[in-house]
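Following: one structure in structure tokens, then a few remarks.
None of the figures in this text is laboratory data; all of them are computed from the coordinates on show. In this text, all values refer to a predicted model and were calculated from it rather than measured experimentally. No Cβ is skipped: glycine too gets one built from the backbone with ideal geometry, and neighbour counts run over all protein chains shown.
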Amino acid sequence: MIIEPFGVRGSYPTPGSSTIKYGGNTTCYSISKEVDGQIKRIIIDSGSGIISLGKEIIGNFFAKKEELNISIFFTHLHPDHTEGFSFFAPNYFKGAELKLYGMETLGKHIEHALKDRMAPPTFPIEYSDLKSNREHIIIKGGDIVNINSEKDRIDTIVFEVEVMQAYAPSHPQQGALYYKITDVDEDEKIACIWDNESHIGGDKAVINFVEDCDVMIHDTMYTQEEYESNKVIVQGFGHSTYNMAIENARHAGVKKLICTHFNPVHSDEKLDEISEELSSISNLNIILAQEGKKMEI
């Protein structure tokens, strides 16, 4: 499987000269593999990073490398995980088939959130005007979703996606979904754990969920100093520190930890400093995600 971050920031986009290396788009990840000469892909979240991913998918479609049969899994409904969907290029192609998976919370699910973002007078077209065919699928903890290589072919499973649902202290009021993606042929596993606030000593539920994974992509919004500060209070906001991510990775025995969902105030220089500090940690392969930098298991 190939992991490619297209958006690595939390809260809001941070374009500019100080975020060129790691990227300034909000959360969007592509997990893909090639099957019979075609790219098969799962997308996690549609922050602003999905805009450039959509352009890549359309290029692949015209090059006959990828079908417009797309599965998008949403961790939750906050703007930094949904704001790019309105500009996702496949939405403007008739015949594009999109399956949108997400939770229902506070009486709303992903269809409501996306419609609201495009409701007049705040957007030039309405959600119903998009040319893509969109299926909205409500999922919850314990569900397993099979992603096939061709439409409606249940005998050609490429990815198996297991769902974990978390509430406080992931995000107040609504919680979030975490995903474990298995390459069925290779038995390789990737866990997507972000917008979670872990615990000292590790989040036991997360550890149990990811303990057999090759890679864990984990929320690292704050440094320990920021988390413990009494000047700007961030405890209870639903985000982890680098130390929390490392504790979860170590207890779960994962082989590689990818840090993501960076604090929007952290510049490339700051993230380089953090990366240097983490490089001294033994027995764990730690990487800070960079937009556009592919990683293969």
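GNM, the chain, Cα, under 10 Å: largest mean-square fluctuation among Ile20, Ile190, Ile51?
Among Ile20, Ile190, Ile51, the largest GNM mean-square fluctuation belongs to Ile20.
Shape of region 152-215 from its Cα gyration tensor (a ≥ b ≥ c, root eigenvalues): rounded if a/c is under 1.5, otherwise prolate when a/b > b/c, or oblate?
In terms of gyration-tensor shape, oblate.
Considering only Glu277, Glu135, Glu226, give the residue with the highest GNM mean-square fluctuation for the chain, with springs between Cα atoms whenever their separation is below 10 Å.
In the Gaussian network model the winner is Glu277.
If one computes the Cα centroid of region 159-192 and of region 66-93, what distance in Å separates the two points?
18 Å
Give the separation of the Cα centroids, region 221-271 to region 1-23, in Å.
16 Å
Tell me the relative contact order for region 18-101 as a rounded percent, counting alpha carbon contacts under 8 Å between residues six or more apart.
Answer for region 18-101 is 31 percent.
Rounded, prolate or oblate for region 83-242? Axes are the square roots of the Cα gyration tensor eigenvalues, ordered a ≥ b ≥ c, and the cut-off for rounded is a/c under 1.5.
Verdict is oblate for region 83-242.
Label 7 Å along Cα→Cβ of Glu269; region 206-235 residues with amide nitrogen under 19 Å?
Residues passing the 19 Å test: 223, 226.
Given axes a ≥ b ≥ c from the Cα gyration tensor, I'd like to know whether region 35-161 is rounded (a/c under 1.5), prolate (a/b larger than b/c) or oblate. Present the calculation step by step, with values, prior to reporting the outcome.
On the way: a/c = 1.99, a/b = 1.22, b/c = 1.62.
Judged from the Cα gyration tensor, region 35-161 comes out oblate (a/c at least 1.5, b/c at or above a/b).
Put +1 on the Cβ of each Lys and Arg and -1 on the Cβ of each Asp and Glu in the chain; which of Gly107, His76, Asn146 then has its Cα farthest toward the positive end of the dipole?
Ranked along the dipole, the leading option is Gly107.
Would you calculate, for the chain, the mean residue ellipticity at 222 nm contributed by helices, counting each DSSP H stretch of 4 or more residues as -39,500 (n - 2.57) and dividing by all residues, to the nearest 500? Intermediate values should be presented prior to the final figure.
Values: 6 runs with 55 residues, N = 297.
So the calculated ellipticity at 222 nm is -5500 deg cm²/dmol.
Considering only the chain, what is the antiparallel percent among its DSSP beta bridges, to the nearest 5?
If I count the DSSP bridges inside the chain, around 50 percent turn out antiparallel.
Using only the alpha carbons of region 2-296, what is the convex hull's orientation-averaged projected area in square nanometres?
15.5 nm²
State, as an integer percentage, the relative contact order of region 2-296 based on alpha-carbon contacts under 8 Å between residues 6 or more apart.
Numbers: 685 pairs, mean separation 49.4, N = 295.
Once normalised by length, the contact order is 17 percent.
If each residue of separation counts as 0.36 nm, what is the full-extension length gain between His136 and Ser17 once their alpha-carbon separation is subtracted?
Additional length available on full extension: 39.1 nm.
Connecting C-alpha atoms closer than 10 Å in a GNM of the chain, tell me which of Asn148, Asn60, Asn283 has the biggest fluctuation.
Asn283
With unit charges on the beta carbon (Lys/Arg positive, Asp/Glu negative), name the residue among Gln235, Ser48, Gly10 whose Cα is farthest towards the positive pole of the charge dipole of the chain.
With unit charges placed on the Cβ atoms, the residue in question is Ser48.
Order these peptides, 191-202, 228-239, by their mean beta-carbon neighbour count within 10 angstrom, highest first.
Top to bottom by mean Cβ count within 10 Å: 191-202, 228-239.
On full extension of the chain, what length is gained from Lys231 through Glu126, given 0.36 nm per residue of separation minus the C-alpha to C-alpha distance? Intermediate values should be presented prior to the final figure.
Numbers: separation 105, 0.36 × 105 = 37.80 nm, distance 4.23 nm.
So the extension gain works out to 33.6 nm.
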